[in-house]
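Peer 1: Starting off with a structure, shown below.
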Amino acid sequence: MPPADMALPDHCDFVVFGGTGDLSMRKLLPALYHCALEDRLPADTRIIGISRADLDDAGFRAEVRRSIATHVPADRQDASAVERLLERVFHLTLDVNDPADWHQVHGLLKDRPAFEETVRVFYMAVAPTLFGTISQRLAEGGVADDPARVVLEKPIGHDLASARAINDAVGEVFEEHQIFRIDHYLGKESVQNLLVTRFANTLLEPLWNSHWIDHVQITVAETVGVGTRGGYYDHAGALRDMVQNHLLQLLCLVAMEPPIEVGREDVRDEKLKVLQALRPWTREEIDTDIVRGRYTAGIVDGEPVPAYREEVASADREESLTETFVALKTEVQNWRWAGVPFYLRTGKRMDRRSSEIVIVFKEPPHDVFPHRTGVTQPNRLHIQVQPDEGMRLHLTAKEPGPGGYRMRPVSLDLNYATAFGRHSPDAYERLLMDVVRGIPTLFMRRDEVEAAWAWCEPILQHWAESGLPPKRYPAGSAGPTTAFTLIERDGRSWQEAELS
Ligand code: BG6
């Protein structure tokens with residue numbers, strides 16, 4: 001396996017299949033623009049959008065210009081940086097299923113100086129069913145060999161078998177070290193900071209186990225609905241769309257053992273062990289420890305919004321059982337975590353947008369203040385992934401004043417924007433440049449993706465067989481009431497973020 005190279009290559013072709021699609025316009029091209037703005041693209045870079053749209057280079061550049069104007073904050077817009085980026089942008093119209101069209105792709109990629117040394121990044125922002133075909137066509141044209149890399153967007157399949165089939169198809173062409181399976185949560189600064197908090201400090205690690213931690217909560221709440229993505233989402237649902245990837249990746253980073261180093265494979269090896277240690281599901285536990293919900297009409301951010309069923313009315317299924325909310329309780333069955341529940345929840349059209357991890361510590365083993373007054377709460381470490389990235393450590397303190405011990409919860413706060421004086425870059429900026437450099441740490445390896453699917457598989461099967469509808473929750477609420485029962489029956493409660 002070639003060694004990771006932290007230095008940027010001199011030559012790069014960044015090829016986006018699905019170049020005019022939503023992901024490309026909303027995330028990838030703005031991220032590449034930011035890299036261009038900060039001079040972080042290899043000097044000789046071409047960005048080639050490939051799509052079925054009947055566009056020439058000029059037409060595609062106009063689309064890219066619009067995407068930057070729409071999706072890049074005003075204080076980051078710089079006319080000369082936009083021009084510098086656009087000079088590097090090209091478009092090819094292609095039906096990927098038509099072999100006759102492919103000679104133009106092969107020709108364009110080979111028709112450049114330093115072809116042999118050029119890092120070619122093939123970003124698959126298309127349906128996963130096309131990943132195999134595209135890989136084959138690239139190989140036929142002789143453009144898939146090292147140093148070529150392929151980036152696979154989630155979802156990688158809709159169950160274990162389909163994920164394996166996709167991995168096999170891509171794996172026939174690309175070696176594992178050339179394949180970058182993206183989970184954009186791993187590109188978020190606060191998620192990477194979780195590794196730093198745990199492993200670049202000595203304070204927490206001795207407490208990071210079942211002796212001192214009571215339980216862990218991971219929440220990814222969104223206010224958005226399914227919008228225009230109903231066609232995809234109605235076949236996916238929250239378990240496939242969010243839990244199988246983003247939430248499990250967060251859980252892995254919380255629960256993993258210290259890696260030997262944050263280098264090529266160590267972090268991924270440790271994350272895999274966590275996935276393999278997750279408690280397997282029985283049918284009874286699926287019924288008792290998982291809540292699935294779906295939003296009905298309601299009010300979000302002061303605006304009335306329709307029910308999920310109405311939002312996906314144009315989707316091809318009259319009556320689906322798709323869930324837009326999942327809450328579950330699981331356990332990592334190993335020495336460090338035995339007996340510590342991990343509560344996970346995610347939902348669309350919730351009352352707030354917030355991704356957070358809360359580590360709730362145990363109560364002190366002995367009370368030395370028998371006559372205390374006031375309020376005490378267990379210590380909590382609150383990691384805010386978004387918005388307002390930061391961390392808050394909740395402690396108990398004595399309220400100043402004579403006579404006895406009056407207790408009060410207080411907190412130590414770290415707000416990223418204040419502490420570092422700038423907002424964090426978008427996850428895709430970091431991840432795209434890691435692909436160009438060939439650094440795989442923040443990408444999911446095949447075995448990780450498949451282990452995550454293997455854990456989800458019994459849930460999907462049981463839900464499909466039972467045919468029970470999801471619980472209803474009004475849009476703009478905190479989810480179905482049973483999601484509260486799930487945690488409250490254990491004498492615990494969901495902790496909401498209060499970071500500002
Ligand atoms: C995507 C899901 O992976 O993540 C979307 O497909 C979801 O449904 C999105 O909205 C959330 O990402 P973020 O970065 O906005 O939390």
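The values are calculated or read from the model by the stated rules, or taken from the named source; none is laboratory data. Note that the coordinates shown come from a computational prediction; the quantities given were computed from them, not determined experimentally. Please note: Cβ atoms are built from the backbone with ideal geometry, for glycine as well, and neighbour counts cover all protein chains shown.
Peer 1: How about the range 108-136: which of its residues are among the aliphatic types (A, V, I, L, M) and closer than 19 Å to THR93 by Cα?
Peer 2: Filtering the range 108-136 for residues among the aliphatic types (A, V, I, L, M) gives 108-109, 114, 119, 121, 124-127, 130, 134.
Within the range 108-136, LEU108, LEU109, VAL121, MET124, ALA125, VAL126, ALA127, LEU130, ILE134 qualify.
Peer 1: Restricting the search to the range 210-231, which residues are surrounded by 15 or more Cβ atoms within 10 Å (Cβ to Cβ) and of a type outside the set (A, V, I, L, M, F, W, C)?
Peer 2: Within the range 210-231, SER210, ASP214, HIS215, GLN217, THR219, GLU222, THR223, GLY225, ARG229, GLY230 qualify.
Peer 1: Which of the residues spanning the range 373-389 are more than 16 Å from the ligand (Cβ to nearest atom) and within 16 Å of GLN495 (Cα to Cα)?
Peer 2: THR376, GLN377, PRO378, ASN379, ARG380, LEU381, HIS382 - these are the residues of the range 373-389 that are more than 16 Å from the ligand (Cβ to nearest atom) and within 16 Å of GLN495 (Cα to Cα).
Peer 1: Restricted to the range 203-218, and to residues that are aliphatic (A, V, I, L, M) and assigned to a strand (DSSP E or B), which residue is farthest from the ligand (Cβ to nearest atom)?
Peer 2: In the first step, residues of the range 203-218 are kept if they are aliphatic (A, V, I, L, M); the result is 203-204, 207, 213, 216, 218.
In the following step, the residues that additionally are assigned to a strand (DSSP E or B) were identified as 213, 216, 218.
Values: ILE213: 25, VAL216: 19, ILE218: 13 Å.
Looking at the filtered set, the residue picked out is ILE213.
Peer 1: May I pose another question? Could you grab me the full set of residues in the range 286-301 that are in contact with a Gly (Cβ under 9 Å, 6 or more places away or on another chain) and not basic (Lys, Arg)?
Peer 2: Correct list: VAL291, GLY293, TYR295, GLY298, ILE299, VAL300, ASP301.
Peer 1: Within the range 278-285, can one find any residue that is in contact (Cβ under 8 Å) with a residue 24 or more places away in the chain, surrounded by fewer than 16 Cβ atoms within 10 Å (Cβ to Cβ) and assigned to a helix (DSSP H, G or I)?
Peer 2: yes
This table checks each residue for (1) exposed (fewer than 13 other Cβ atoms within 10 Å of the Cβ); (2) in contact with a Pro (Cβ under 8 Å, 6 or more places away or on another chain); (3) within 30 Å of SER424 (Cα to Cα).
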{"site": "GLY59", "(1), (2), (3)": "no, no, no"}
{"site": "ILE68", "(1), (2), (3)": "no, yes, yes"}
{"site": "ARG76", "(1), (2), (3)": "no, no, yes"}
{"site": "LEU92", "(1), (2), (3)": "no, no, no"}
{"site": "HIS103", "(1), (2), (3)": "yes, no, no"}
{"site": "TYR123", "(1), (2), (3)": "no, no, yes"}
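Peer 1: Out of ARG345, ARG353, ARG294, ARG268, which single residue is crowded, with 19+ Cβ neighbours inside 10 Å, under 25 Å from the mean Cα position of the chain (by Cα) and more than 25 Å from VAL449 (Cα to Cα)?
Peer 2: On inspection, the qualifying residue turns out to be ARG294.
Peer 1: Just for strands (runs of 3 or more DSSP E) wholly inside the range 1-112: which have at least 1 residues that are in contact with a strand residue (DSSP E or B) (Cβ under 9 Å, 6 or more places away or on another chain) and of a type in the set (Lys, Arg)? Before you say what the answer is, go through the steps one by one.
Peer 2: Working: elements: 11-17, 44-51, 89-93.
Because the criterion is at least 1 residues that are in contact with a strand residue (DSSP E or B) (Cβ under 9 Å, 6 or more places away or on another chain) and of a type in the set (Lys, Arg), the strands (runs of 3 or more DSSP E) in the range 1-112 that meet it are 44-51.
Peer 1: Applying the selection to the range 392-409, what residues are of a type in the set (Lys, Arg) and either buried (at least 18 other Cβ atoms within 10 Å of the Cβ) or assigned to a loop (DSSP other than H, G, I, E, B) (or both)? Show your work before the answer.
Peer 2: Going residue by residue through the range 392-409, those that are of a type in the set (Lys, Arg) are 392, 398, 406, 408.
The one that is of a type in the set (Lys, Arg) and either buried (at least 18 other Cβ atoms within 10 Å of the Cβ) or assigned to a loop (DSSP other than H, G, I, E, B) (or both): ARG392.
Peer 1: Still on this structure, please answer the following. Look through the range 152-173, keep the residues that are assigned to a loop (DSSP other than H, G, I, E, B) and within 16 Å of the ligand (Cβ to nearest atom), and return whichever of them is surrounded by the most Cβ atoms within 10 Å (Cβ to Cβ).
Peer 2: ILE156
Peer 1: Another question about this same structure. Kindly check whether there is at least one residue in the range 174-184 that is in a loop (DSSP other than H, G, I, E, B), more than 16 Å from the ligand (Cβ to nearest atom), under 24 Å from the mean Cα position of the chain (by Cα) and surrounded by 21 or more Cβ atoms within 10 Å (Cβ to Cβ). Outline the logic, then answer.
Peer 2: So in the range 174-184, the residues in a loop (DSSP other than H, G, I, E, B) come out as 174-175, 182-183.
Still in the running and more than 16 Å from the ligand (Cβ to nearest atom): 174-175.
Imposing the further condition that a residue be under 24 Å from the mean Cα position of the chain (by Cα) reduces the set to 174-175.
Then keep just the ones that are surrounded by 21 or more Cβ atoms within 10 Å (Cβ to Cβ); that gives 174.
Scanning the range 174-184, I find at least one residue that is in a loop (DSSP other than H, G, I, E, B), more than 16 Å from the ligand (Cβ to nearest atom), under 24 Å from the mean Cα position of the chain (by Cα) and surrounded by 21 or more Cβ atoms within 10 Å (Cβ to Cβ), so the answer is yes.
Peer 1: Taking the condition in contact (Cβ under 8 Å) with a residue 40 or more places away in the chain and more than 30 Å from VAL385 (Cα to Cα), does ASP183 pass?
Peer 2: Values: in contact (Cβ under 8 Å) with a residue 40 or more places away in the chain: yes; more than 30 Å from VAL385 (Cα to Cα): no.
The answer is no for ASP183.
Peer 1: Here is a follow-up. Inspect the range 486-500 for any residue being assigned to a helix (DSSP H, G or I) and under 23 Å from the mean Cα position of the chain (by Cα) and give the result as yes or no.
Peer 2: no
Peer 1: If we scan the range 127-142, do we find a residue that is in a loop (DSSP other than H, G, I, E, B), farther than 30 Å from GLU356 by Cα and away from the ligand (no atom under 16 Å from the Cβ)? If you could, list the steps in order and put the result at the bottom.
Peer 2: Of the range 127-142, the ones in a loop (DSSP other than H, G, I, E, B) are 127, 141-142.
Imposing the further condition that a residue be farther than 30 Å from GLU356 by Cα reduces the set to 141-142.
With the extra rule that they be away from the ligand (no atom under 16 Å from the Cβ), the set shrinks to 141-142.
Within the range 127-142, one or more residues are in a loop (DSSP other than H, G, I, E, B), farther than 30 Å from GLU356 by Cα and away from the ligand (no atom under 16 Å from the Cβ).
Peer 1: Going through the range 219-234 one residue at a time, which ones are near the ligand (Cβ under 7 Å from one of its atoms) and touching a Leu at 6+ places or on another chain (Cβ under 9 Å)?
Peer 2: Across the range 219-234, the qualifying residue is only VAL220.
Peer 1: Also: Could you list, in sequence order, the residues of the range 235-253 that are within 10 Å of the ligand (Cβ to nearest atom) and in contact with a strand residue (DSSP E or B) (Cβ under 7 Å, 6 or more places away or on another chain)?
Peer 2: ALA238, MET242, HIS246
Peer 1: Among (1) away from the ligand (no atom under 16 Å from the Cβ); (2) under 19 Å from LEU253 (Cα atoms), where does ALA464 come up short?
Peer 2: Condition not satisfied by ALA464: (2).
Peer 1: Moving on to the next point. If you take the residues of the range 185-202 that are among the aliphatic types (A, V, I, L, M) and in a helix (DSSP H, G or I), which of them is nearest to HIS382 (Cα to Cα)? Before you say what the answer is, go through the steps one by one.
Peer 2: Quick first cut of the range 185-202, residues among the aliphatic types (A, V, I, L, M) only: 186, 191, 194-196, 200.
If we keep only those that are in a helix (DSSP H, G or I) too, we end up with 186, 191, 194-196.
Numbers: LEU186: 18, VAL191: 13, LEU194: 11, LEU195: 15, VAL196: 15 Å.
Result: LEU194.
Peer 1: Modelled with pLDDT of 95 or more, surrounded by 17 or more Cβ atoms within 10 Å (Cβ to Cβ), among the acidic types (Asp, Glu) and closer than 28 Å to LEU247 by Cβ: is that true of GLU389 in this structure? I'd like the intermediate steps shown before the answer.
Peer 2: Details: modelled with pLDDT of 95 or more: no; surrounded by 17 or more Cβ atoms within 10 Å (Cβ to Cβ): yes; among the acidic types (Asp, Glu): yes; closer than 28 Å to LEU247 by Cβ: yes.
No.
Peer 1: Against the conditions (1) out of contact with any helix residue (DSSP H, G or I) (no Cβ under 7 Å at 6 or more places or on another chain); (2) among the β-branched types (Val, Ile, Thr); (3) closer than 23 Å to GLU175 by Cα, where does THR93 fall short? Just the number, please.
Peer 2: Only one criterion is unmet by THR93, namely (3).
Peer 1: Filter the range 297-310 down to residues that are assigned to a strand (DSSP E or B), buried (at least 16 other Cβ atoms within 10 Å of the Cβ) and of a type outside the set (A, V, I, L, M, F, W, C), then give me how many there are. Lay out the reasoning, then the answer.
Peer 2: Step one: of the range 297-310, the residues assigned to a strand (DSSP E or B) are 298-300, 303-305.
Still in the running and buried (at least 16 other Cβ atoms within 10 Å of the Cβ): 298, 300, 305.
Those still in the list that are of a type outside the set (A, V, I, L, M, F, W, C) too: 298.
Summing the residues that are assigned to a strand (DSSP E or B), buried (at least 16 other Cβ atoms within 10 Å of the Cβ) and of a type outside the set (A, V, I, L, M, F, W, C) in the range 297-310 gives 1.
Peer 1: Shifting gears a bit: Among the residues of the range 357-372, which ones are more than 16 Å from the ligand (Cβ to nearest atom) and surrounded by 13 or more Cβ atoms within 10 Å (Cβ to Cβ)?
Peer 2: Step one: of the range 357-372, the residues more than 16 Å from the ligand (Cβ to nearest atom) are 358-372.
Hits for the range 357-372 are VAL358, ILE359, VAL360, PHE361, LYS362, PHE369, ARG372.
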